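Each remark here refers to the structure printed beneath this line.
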Amino acid sequence: MTTTLDAPPLGPLLDDIVRTHRPRQEGGHTPANIPFLSTIPYDRFGIAVATTSGDVFSSGDAGVAFSIQSISKVFTLALALQGGNPEALWQRVLREPSGTSFNSLVQLEAELGIPRNPFINAGALVVTDHLMQVTSDAAAQVLRFLTEQAGAAEPGSGSGSGTPYIDEAAAAGELARSSRNLALAHFLKDFGNLAAPAESVVENYVRQCSIMMTCSDLARAALFLARDGQGSRGAVLSRSQAKRIGSIMLTCGMYDAAGEFAYRVGLPGKSGVGGGILVVVPGVCTICVWSPRLDAKGNSLAGTAALADLCEQTGWSVF
Ligand code: GLN
């Protein structure tokens, strides 16, 4: 896949995307269960493109760390698949779009504790639980994986070191408001689909959601998905596993807006309520965009518009 011949050069194009899509007035919302996110200025906007040949192009606030939230679910799934026995995991979580909000309880009870996919909260709790059977500190494992794939030496401390780190204060703020995620975990437990205690699975899940990263680092860290499973230090996943994560991103990555996102952008994507969206252009690049204000489905308003614009101008699509 290549860019269309008349596409402008990437650097100036990203500058143009920032000029066009950086919000000029407050709109959208931030999630009530994560108070820290409401303190982020509404006009933050960053975008980065990491190419499979090793270049990173970026613009706007692409060097400012933001809360990756549900984008972490892509990496937790990659780690869980890497850890062996993927079939055991796929007996506990399906691969179907949910058509419901990311934290819905209704479907989980109706479907007897088997979450629709790994990217809704219930599914991510199961994947985290699977990972916790290998390592009790699953969040630290996810942080280390992201740090390695982004090409940084060691996880950061949160003191402005520039490398990925867990914002423990943000995690504590969310944990104090985790009734809904705890309810999902207790449902899973009641249906026999959670091995570890509900509280420790939710704590691990919330801490991995609280990882802070820049657009540039996140785009770089996800490159293995655009490169048939090859990461910065060799194979992360097999080609078919990488393809399958892309498939689940395309069908489930934007929750109940997955269809609309596929229509507008035409690429596998994963959003987080921190306002980030990660997109994979197989064989070409990864894109990370960040703008904190969300639409009604919990996806970045300006981020989605920017991706639709960028992919229209470059011709990037899986279709
Ligand atoms: N930590 C958030 C939650 O569980 C993640 C949700 C998201 O980014 N969609 O509510």
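The values are calculated or read from the model by the stated rules, or taken from the named source; none is laboratory data. In this text the structure is predicted, and so the values were computed from the model without any measurement. Every residue, glycine among them, receives a Cβ derived from its backbone with ideal geometry; neighbour counts consider all protein chains shown.
Please determine whether any residue of the range 9-23 is in contact with a strand residue (DSSP E or B) (Cβ under 7 Å, 6 or more places away or on another chain), under 28 Å from ALA124 (Cβ atoms) and outside any strand (DSSP E or B).
Taking every residue of the range 9-23 in turn, none turns out to be in contact with a strand residue (DSSP E or B) (Cβ under 7 Å, 6 or more places away or on another chain), under 28 Å from ALA124 (Cβ atoms) and outside any strand (DSSP E or B).
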### Summary
When (1) part of a loop (DSSP other than H, G, I, E, B); (2) farther than 18 Å from TYR205 by Cβ; (3) among the β-branched types (Val, Ile, Thr) are applied to ILE114, the one that fails is (2)
### Query
Given (1) part of a helix (DSSP H, G or I); (2) within 17 Å of the chain's Cα centre (by Cα); (3) closer than 25 Å to GLN313 by Cβ, where does VAL49 come up short, assuming only one miss?
(1)
### Query
Across the range 120-138, which residue is farthest from ARG92 (Cα to Cα) among those that are in a helix (DSSP H, G or I) and within 12 Å of the ligand (Cβ to nearest atom)?
ASN121
### Message
Being more than 15 Å from the chain's Cα centre (by Cα), more than 16 Å from the ligand (Cβ to nearest atom) and more than 22 Å from GLN107 (Cβ to Cβ) is the requirement here; does GLY246 meet it?
### Response
no
### Summary
If you go through ARG239, ARG233, ARG264, the only one that is without any contact (Cβ under 8 Å) to a residue 12 or more places away in the chain, out of contact with any Pro (no Cβ under 7 Å at 6 or more places or on another chain) and of a type in the set (Lys, Arg) is ARG239
### Query
Across the range 68-92, what is the total count of residues that are of a type in the set (Gly, Ala, Ser) and either touching a Pro at 6+ places or on another chain (Cβ under 9 Å) or part of a loop (DSSP other than H, G, I, E, B) (or both)?
3
## Note on the structure
Note on the range 249-266: residues surrounded by 24 or more Cβ atoms within 10 Å (Cβ to Cβ) and either within 11 Å of the ligand (Cβ to nearest atom) or farther than 19 Å from ALA296 by Cα (or both) are MET249, GLY253, MET254, TYR255
### Task
Could you please let me know if CYS215 is within 14 Å of the chain's Cα centre (by Cα), crowded, with 24+ Cβ neighbours inside 10 Å and within 22 Å of GLU312 (Cα to Cα)?
yes
### Task
Give me a count of the residues in the range 31-45 that are out of contact with any Gly (no Cβ under 8 Å at 6 or more places or on another chain), assigned to a loop (DSSP other than H, G, I, E, B) and within 16 Å of the ligand (Cβ to nearest atom).
2
### Task
May I ask you to list pairs of residues, at least six apart or on different chains, whose Cβ atoms are under 6 Å apart, with the first in the range 243-254 being over 14 Å from GLY123 (Cα atoms) and the second being buried (at least 18 other Cβ atoms within 10 Å of the Cβ) and β-branched (Val, Ile, Thr)?
GLY246/VAL280
### Message
Just the residues that are within 18 Å of the chain's Cα centre (by Cα) and of a type in the set (Gly, Ala, Ser), please, taken from the range 64-98.
### Response
ALA65, SER67, SER70, SER72, ALA78, ALA80, SER98
### Task
Tell me which of these THR2 doesn't satisfy, since it passes every other one: (1) more than 19 Å from the chain's Cα centre (by Cα); (2) hydroxyl-bearing (Ser, Thr, Tyr); (3) at pLDDT 95 or above.
(3)
### Task
Collect the residues in the range 207-247 that are within 28 Å of GLY60 (Cβ to Cβ) and touching an Asp or Glu at 6+ places or on another chain (Cβ under 6 Å), keeping them in residue-number order.
SER210, MET212
### Message
Looking at the range 229-237, can you tell me whether even one residue there is crowded, with 21+ Cβ neighbours inside 10 Å, of a type in the set (A, V, I, L, M, F, W, C) and within 19 Å of the chain's Cα centre (by Cα)?
### Response
yes
### Query
Would it be correct to say that GLY99 is within 16 Å of the ligand (Cβ to nearest atom), surrounded by fewer than 17 Cβ atoms within 10 Å (Cβ to Cβ) and of a type in the set (Gly, Ala, Ser)?
yes
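Residues ASN204, ASN193, ASN181: which one is more than 17 Å from the chain's Cα centre (by Cα), touching a residue at least 12 places away in the same chain (Cβ under 8 Å) and within 14 Å of the ligand (Cβ to nearest atom)?
When all the criteria are applied, what remains is ASN181.
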